[in-house]
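The values are calculated or read from the model by the stated rules, or taken from the named source; none is laboratory data. The shown structure was predicted, so the numbers you read here are calculated from the model rather than taken from an experiment. Here Cβ is always computed from backbone atoms with ideal geometry, including for glycine, and neighbour counts include all displayed protein chains. The protein model used for the area step is the full one, side chains on, heavy atoms only, and it has no ligands, DNA or RNA in it. Shrake-Rupley method; radii C 1.70, N 1.55, O 1.52, S 1.80 Å.
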Amino acid sequence: MRILNIDLDFFLSDIRYSPRDRLRPTAKDFKPWPPEAVHDFMERNCGLDPAVRLPGILVKTHDEVFDIWKKQIQTGQLKTPFDVVHIDAHADLGLGDASYTYILGDLLHALPSDRQDPKRGGSTGLHEGNYLAFAVACRWLRTLTYVYHPARRNDLPRFLFRGHDTATKLIELACYRPEDATRLASVKTSPAPLSMEPAVPMNIVSKNDFRERDGFAFGYVSLSPLYTPKEAEVLVPVIGRYVRLFDRNAFLTLRL
């Protein structure tokens, strides 16, 4: 099963990193794409057809999809493992926080079925900038395709990858003792892991090179107000021509 996961901040002229004032950015600094360009991307790159809209949902912050996936999995609406195509200005794997210490040194000690209620917020808990790493820890993902913004910096946290090397393009979580996980960034030689998680191949592709040919089962769209100006919300109905954005209750009870 293949799903489309879009953040509205992908369709901006630049990328906002680490907002500290909790205010929305301005359209002067982060100009939204013209609607025609979004139409073109949805059709040419994502392979979507307005005559056959994808069932989907609109969320405020991107980490909300973690809980939606959890509910869909519980009801059998979403089968694991699934393939995620992540169209976003950020990788959402946790670069810049310490969530890897919690995931690798604590969460992975639990059975996969007991990892679906992780702690939230702070520098180590689940939030909108790292929720995909938590989804990998739950063993929900089979593959991850990251369609990145032209202004992207390297935003992949190396400790989540095989051999702590992002060049492998394999997310391979290692379970460590808690004290070893917290010192990964300060030692030259990594401690021996207690166990390894199944590897998740990651395809990293530019917006121009991305072409979807296999189709999607569901679409998820995030407003991400800390990263997008209010003016960008005019693009939601544009995306809505290709992804039918149900309300939460209706979406979670869909029978496909």
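Between residue 79 and residue 179, 0.36 nm times their residue separation minus their Cα-Cα distance comes to what? Before the final figure, lay out each step's value.
Values: separation 100, 0.36 × 100 = 36.00 nm, distance 3.48 nm.
Working it through step by step, the gained length comes to 32.5 nm.
Could I have the simple spin-label model distance between residue 154 and residue 49, label points 7 Å from Cα toward Cβ, reported in nm to one decimal?
Each label point lies 7 Å from its Cα, and together they span 4.2 nm.
Could you look at the stretch 1-104 and say what percent of its accessible area is carbon and sulfur, using a 1.4 Å probe and all protein chains?
Carbon-and-sulfur percentage of accessible area, whole number: 50.
With a 1.4 Å probe and every protein chain left in place, tell me how much accessible area residue 155 has, in Å² to the nearest 10.
The value for residue 155 is about 20 Å².
Return, for the Cα atoms of the chain, the radius of gyration and Dmax in Å, separated by a comma.
When restricted to Cα atoms, the chain yields Rg and Dmax of 17.9, 55 Å.
On a 0 to 90° scale, report how tilted helix 64-75 is relative to the longest principal axis of the chain, with both axes built from alpha carbons and the result rounded to the nearest 10.
Here the helix axis deviates by roughly 80 degrees.
Return the whole-Å distance between the Cα centroid of the stretch 182-226 and the Cα centroid of the stretch 12-43.
What the calculation gives is 22 Å, centre to centre.
Percent of Cα-Cα pairs per 10 Å bin, from 0 to the last occupied bin, for the stretch 118-256, please list those.
9, 30, 36, 19, 7, 0
Given the Cα-Cα distance of residue 188 and residue 28 and 0.36 nm per residue of separation, how much length would full extension add, in nm?
53.2 nm
What's the FRET efficiency of residue 196 with residue 18 using the Cβ-Cβ distance as r and R₀ = 35 Å, to the nearest 0.05? Walk me through the numbers on the way to the answer.
On the way: r = 31 Å, r/R0 = 0.88.
Efficiency for this residue pair is about 0.70.
Just the number please: accessible area per residue for the stretch 37-122, 1.4 Å probe, all protein chains included, in Å².
Per residue, the stretch 37-122 has 40 Å² of solvent-accessible surface.
FRET efficiency for residue 209 and residue 162, Cβ-Cβ distance as r, R0 = 30 Å, nearest 0.05?
0.80
For the stretch 121-186, divide the Cα radius of gyration by the Kirkwood radius and give the resulting Rg/Rh value with two decimals.
0.95
Please give the direction-averaged projected area of the C-alpha convex hull for the stretch 33-91, in square nanometres with one decimal.
If you wrap the Cα atoms of the stretch 33-91 in a convex hull and average its projections, you get 5.4 nm².
Of 28/169; 207/230; 119/207, which sit over 31 Å apart, Cα to Cα?
28/169; 119/207
How much length is gained on full extension from residue 246 to residue 1, taking 0.36 nm per residue of separation minus their Cα-Cα distance?
So the chain would gain 86.2 nm between residue 246 and residue 1.
Give me the Å³ per residue figure for the convex hull around the C-alpha atoms of the stretch 63-156. Walk me through the numbers on the way to the answer.
On the way: hull volume 8.5 nm³, N = 94.
Cα convex hull per residue, to the nearest whole number: 91 Å³.
Under a 10 Å cutoff between Cα atoms, tell me which one of 81, 34, 229 has the largest fluctuation in the Gaussian network model of the chain.
34
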